[in-house]
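Worksheet: one structure, shown below.
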Amino acid sequence: MTLRHNWQALPGKAWRWLAVPVLAFAIDLWMWHQSILRIGPGLATLLANAQVFFMALAGVLLFRERLGPRFVAGVLLAFFGLWLLLGADWASLPPQYRGGVWLGLATGVAYAAYNVGIKRTQALAGAGRARVPVEQVLCLAAFGSAVCLGAIGWAEGEAFRPPSLHAWGVLLALAAIGHCLSWILISRAMGALPVALAGLLLLAQPIVAYLLDVLLFDVPVSPRQWLGLAVSLAGIFVAGVRGRQPPLPAQEP
């Protein structure tokens, strides 16, 4: 951003809304990684994407978006598939595993708050004379979240130094591809799509995460779980082909 000379002053309202994604993303990442430790990356990511429910609700309440019956049916179908993927009887699961499931679902609430906060901050930042770039909003949100996560790590007594060069390489790759490039693409998409549809399309993330979990870590998968994966994909398709609706005028908060 500095090399491109694009830094712009943010309006006061944009700064206030920026606090939402800053806190929400820090909470999201903390709960998500705690869930990963308990139930694995594939299922933790699937559960985190309960965010589509909260994204859709936010779209209706905050942005006056309309949810058609095909969209609702697609979301229900997608999450019925996720329920099939969960598999085992809840009562038979160990307490730590059940705690990981609840953390994964709670991650979805924070994830939705982050997405809505970024969308609203971008809208307010672009309303002035000089349009603030998406990258600047993401940069400020990322640094704010990093400060919050650093405080959480310090309070928990975590080590801040990666143990090897290999670990450094993994972290840098995650930062450049997972947290930088992917969020630039997602944020640009959210600026052009209804918030509910953007959240639904992000369901591709947990599906791929689940497949990679199975392939890379040799996770055993039952026929019921493969059926759940297929049902989830069907739900994404059904909701993604819904009819286009006329845009509604923007409202001040």
Inset, instruction - Between the alpha-carbon centers of segment 14-37 and segment 109-145, tell me the distance in whole angstrom. - result: 13
Inset, instruction - For segment 36-121, state which trypsin sites (Lys or Arg not before Pro) are in a DSSP loop and have at most 15 other beta carbons lying within 10 Å of their beta carbon. - result: R64, R66
Legend entry - Cα pair distances in segment 1-120, grouped into 5 Å bins until the bin that holds the longest one, percent each: 2, 11, 16, 17, 17, 13, 10, 7, 4, 2, 1, 0
Inset, instruction - Could you pull out every whole DSSP H run in the chain that spans at least 18 Å of Cα extent along its own axis and averages -1.0 or higher on the Kyte-Doolittle scale? - result: 12-39, 69-86, 95-125, 134-156, 204-217, 223-240
Inset, instruction - Distance between Cα centroids, segment 42-94 to segment 208-234: provide it in whole Å. - result: 17
Inset, instruction - Between L57 and A234, with labels modelled 7 Å along Cα→Cβ, what's the label distance in nm to one decimal, could you check? - result: 2.7
Legend entry - Helix-only [θ]222 nm of the chain, DSSP H runs n ≥ 4, -39500 (n - 2.57) each, per residue, nearest 500: -23500 deg cm²/dmol
Inset, instruction - Between A123, A167, A198, find the one with the highest GNM mean-square fluctuation for the chain; connect C-alpha pairs within less than 10 Å. - result: A167
Legend entry - In nm, spacing of pseudo-spin labels at K13 and W168 (7 Å Cα→C-beta vector): 4.6
Legend entry - Candidate values [x] 6, 26, 29, 23, 13, 3, 0; [y] 7, 28, 34, 23, 7, 1; [z] 7, 31, 36, 20, 6, 0, label of the one derived for P(r) over Cα pairs in 10 Å bins from 0, in percent: [y]
Legend entry - Histogram of C-alpha separations across segment 57-102, 5 Å bin width, %: 5, 17, 16, 17, 13, 13, 12, 7, 1
Legend entry - Gained length - F80 relative to L185, 0.36 nm times residue gap less alpha-carbon distance: 35.0 nm
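Laboratory data are not the source of any read-out in this text; all were calculated from the coordinates shown. Every value quoted in this text rests on a predicted model; they were computed, and no experiment measured them. Note that each Cβ is placed from the backbone with ideal geometry, even for glycine, and that neighbours are counted across all protein chains shown.
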